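One structure is given below, encoded as structure tokens.
Just so it is clear, none of the values below were taken in a lab; they were calculated from the coordinates. Please read these numbers as outputs of a predicted model, since none were measured by experiment.
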Amino acid sequence: QVQLVESGGGLVQAGGSLRLSCAASGMTFTINVMGWYRQAPGKQRELVASISPGGTTNYADSVKGRFTVSRDIRNTVYLQMNNLKPEDTAVYYCNAEKLVRGTGSYWGQGTQVTVSL
């Protein structure tokens with residue numbers, strides 16, 4: 001099993017920045033791509049950004065140029081969010097895909113990000 005613990009959410013004004021962290025523990029050798037998803041009220045959960053063990057990144061079009069995902073050797077994944085917009089308001093979830101394809105993934109508990117005007 002793998003446990004994911006997120007931190008760093010909060011309230012920020014539009015144009016501001018936040019940095020989310022997600023620390024993985026347990027059998028971390030069994031995880032592959034890690035990333036961040038978000039879910040706003042009344043909307044489906046969507047991928048924000050992901051990063052492979054080798055550092056290949058993928059971003060949603062809505063955050064390209066504003067958000068940066070990174071990962072360290074201890075499998076802590078970060079999401080640096082700059083120039084935040086009110087539409088970025090959501091619960092952000094850390095995700096870690098299992099190394100064996102098709103066997104699912106692990107999720108963190110979620111952290112609230114609220115961007116005010």
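So the values come out like this:
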{"quantity": "GNM flexibility winner over the chain from Gly16, Gly35, Gly102 (Cα, springs under 10 Å)", "calculated": "Gly102"}
{"quantity": "Selected from Val69, Val77, Val12 as most flexible by GNM, with the chain as the system and alpha-carbon contacts under 10 Å", "calculated": "Val12"}
{"quantity": "Contour excess over end-to-end distance, with Cα ends at Arg74 and Glu87 and 0.36 nm allotted per residue", "calculated": "1.5 nm"}
{"quantity": "Choice from Lys43, Lys98, Lys64 showing the highest fluctuation, given a GNM over the chain with Cα pairs closer than 10 Å", "calculated": "Lys43"}
{"quantity": "Additional length obtainable on full extension of the chain from Thr56 to Gln1, 0.36 nm per residue less Cα span", "calculated": "17.4 nm"}
{"quantity": "For region 49-89, the spread of Cα positions along each principal axis, largest first, Å", "calculated": "32, 16, 13"}
{"quantity": "Surface/4 estimate of mean projected area, convex hull on alpha-carbon atoms of region 16-117, nm²", "calculated": "6.6"}
